[in-house]
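Take a look at the structure below.
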Amino acid sequence: MKWIEAKIEIQGSHDEQVTDLIASLYYDLGLTGVVIEDPELTPVEGWAEDAIGLPDRPAVTGYLPVSKRGHERLARLHQQQKRLSEEHDFNIELKYREIDEEDWAESWKIFFKPVKVSRDLIIKPTWESVIADPGTMVIDIDPGMAFGTGTHPTTILCLRLIRAFMVKGSTFLDVGTGSGILSIAAAKYGAGSIVALDTDEAALSIAAENLARNGVQPERCLTILSHLL
């Protein structure tokens, strides 16, 4: 199977709001995850020494199947990108290409490296290794086809809030769980019972795998396919 790699590049200066607005275009098309490239990303010293070089410019990338509907969604993305550019005076450009499924399934992994969320919390992909200080919590994530690597600023903020305000034994609701990363953090910080919701059945399966990978028992976290309607 082939996929369309649709990348919106940002020219010139920008802030996180620009990236979020662009990412929302993909979400409106039903894509549950995007790759965000940041040329100003500063990796933690000693990590990702084998990583590829930083991108030339910031960009947001999503993937669509090569099909009639996929091309229709690509056309809509192009229209919405032009609208966003005109309304906010953003200098952005849509580029796309077709790639094989095998290439797509692996290519995004080069962008997912360990992230130090706080002084005692690290999020890392399952294929990477880190040397953590005593007392540091390490969460292993394989997002697969689901959204949620822990690298997006909003996810990092949620993780820090969970760390700061989670009360042992409390109930935690994770709406749009994706890879299950927030539910895992809630469990690690003492949540008594967790309900994780998502509209994507594949995401729930991935979340369940990640929960088990991090030692969260199934009876402690209920995963539900739901639109909250």
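The values are calculated or read from the model by the stated rules, or taken from the named source; none is laboratory data. Quantities reported herein were computed from a predicted structural model and do not represent experimental measurements. Heads up, the Cβs are rebuilt from the backbone with ideal geometry, glycines too, and the neighbour counts pull from every protein chain shown. Ligands, DNA and RNA are stripped out before the accessible areas are found, and what is left, the full protein with its side chains, is counted by its heavy atoms. Shrake-Rupley method; radii C 1.70, N 1.55, O 1.52, S 1.80 Å.
Structural remarks
- Selection within the range 85-95: residues that are in contact (Cβ under 8 Å) with a residue 24 or more places away in the chain and buried (at least 16 other Cβ atoms within 10 Å of the Cβ). The member of this set that is farthest from Val66 (Cα to Cα) is Phe90.
- Being among the hydrophobic types (A, V, I, L, M, F, W, C) and surrounded by 13 or more Cβ atoms within 10 Å (Cβ to Cβ) holds for only one residue in Ile206, Ile224, and it is Ile206.
- Here the helices (runs of 4 or more DSSP H) wholly within the range 122-229 that include at least 3 residues being within 24 Å of Glu16 (Cβ to Cβ) are 153-165, 181-188.
- Condition met for Ala6 (modelled with pLDDT of 90 or more, of a type in the set (A, V, I, L, M), open to solvent by less than 30 Å² (accessible area, probe 1.4 Å) and under 17 Å from the mean Cα position of the chain (by Cα)): yes
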